[in-house]
Amino acid sequence: MKSEYVFAGEVATIYGNFFYEPLTVTFSGGVEGTVLPAEDEDGTVIKVVVPDGAEKGPITVTTNFGSEESDFWFRDDRNIIISSDPFTGWWNASYVVVPDSVGIGDPPAINGNYIRITKVIGAWEWTEVAGGPSDAMGDISKNFPADAILNPENYNVKFEINTLKPYNNNIIRLNIGLQSETNDAYYWRPPYDSQGNWETVVIPLDEIFRAYEEVGITPTVNPNGYWTRLMIFDGNELDCDIAFDNFRVVPKILN
């Protein structure tokens, strides 16, 4: 999906193949959405109005070819490792936006609180967005599945992002599943521009772990939790207005 978090009454975008009429999209909870007329003829995109009663979980697409259940979850809240519900960690509680404070022109709250950074980040200016060691993060630091540490090829890292100004400079650095900080390994590089809409980013976990291994670090299972850090740091200035939510580690295949 373009975004795995969409409100009832709004339009969700689903990508795939062989999406030819007649089409139905059934959400968890057993409710069908209203499928909008196709904007193309290649059968790779469905736009559907999310119905009242849609629940978190897989969706099912049905065509003349049969029915298929998605491997992803709609409104997926499994294994969240960075959240602000409530805020935990060492850095920047001031970046947390609560639903009651959302105003006109602000990103809507898609799953409770979210994180928003609105400032000019200078070259070589350390901007710790969220995170910390397991004892500062609390129980959320234990949400990283042990099986994901052992079999990263079977998992994705996902999060929702809303760029009110383009992410067109600097570097977003991600520390997850670690025993201590490793800031010079995995970089989620620009450009990215969601144009003021929430979108779901998908990163294969083994891609992140390969970056760790290139600097001599192999993640290991720790039932007491893991170090987590989201930061922005590089030698280029970024005029930043970016919101994040729901950092999670989820299976690639439905199970």
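About its Cα centre, the stretch 1-60 has a charge dipole of approximately 200 debye under the convention of +1 per Lys or Arg Cβ and -1 per Asp or Glu Cβ, with nothing else charged. Projecting label points 7 angstrom from Cα along Cα→Cβ for Leu36 and Trp126 puts them 4.5 nm apart. The Thr220 and Ile253 beta-carbon pair, evaluated with R₀ = 35 Å, returns a calculated FRET efficiency of approximately 0.90.
If you wrap the tightest convex hull around every Cα atom of the chain and split its volume per residue, you get 138 Å³.
A simple charge model with +1 on the Cβ of Lys and Arg, -1 on the Cβ of Asp and Glu and nothing else charged puts the dipole of the stretch 80-251 at about 120 debye relative to its Cα centre.
Counting charges near Ala123 (Lys, Arg +1; Asp, Glu -1) among other residues having Cβ under 9 Å from its Cβ returns a value of -3.
A crude spin-label estimate for the pair Lys119 and Thr63, with each label 7 Å from Cα along the Cβ direction, gives 4.9 nm. Close amide H pairs (under 5 Å, H built 1.01 Å from N) link Ile59 with Ser70, Phe74, residues at least 5 positions away or on another chain.
By the rule of a C-alpha distance below 27 Å, with chain neighbours fewer than 8 residues away ignored, the lysines paired with Lys252 are Lys2, Lys47, Lys56, Lys142, Lys158. Counting only alpha carbon atoms, the long axis of helix 205-214 and the longest principal axis of the chain meet at about 30°. Relative contact order for the stretch 80-251: 38 percent, from Cα pairs under 8 Å spaced at least 6 residues apart, divided by residue count.
Share of pairwise Cα-Cα distances greater than 25 Å in the stretch 33-168 is 47 percent (whole percent). Our summary gives the stretch 93-158 a relative contact order of 21 percent, counting only alpha carbon pairs under 8 angstrom and 6 or more residues apart. Using r as the Cβ-Cβ distance of Gln195 and Asn151, and R0 as 45 Å, what FRET efficiency do you calculate, to the nearest 0.05? After rounding to 0.05, the efficiency reads 0.80. Rounded to the nearest 500, the 222 nm mean residue ellipticity of the chain from helices alone is -1500 deg cm²/dmol, with -39,500 (n - 2.57) taken per DSSP H run of at least 4 residues.
Backbone phi angles across the stretch 184-198, fed through the Karplus curve with coefficients 6.51, -1.76 and 1.60 (θ = phi - 60°), yield HN-Hα couplings of 10, 10, 9, 10, 9, 8, x, x, 7, 8, 8, 6, x, 10, 6 Hz in residue order; Gly and Pro are listed as x.
When the Cα positions of Ser67, Asn111, Gly57 are compared along the charge dipole of the chain, Asn111 comes out farthest toward the positive end, with charges on each C-beta of Lys, Arg, Asp and Glu.
A short reminder: the numbers here are calculations on the coordinates, not readings from a lab. Small disclaimer: the values here were computed from a predicted structure and weren't measured. Positions of Cβ are backbone-derived with ideal geometry, glycine not excepted, and every protein chain shown enters the neighbour counts.
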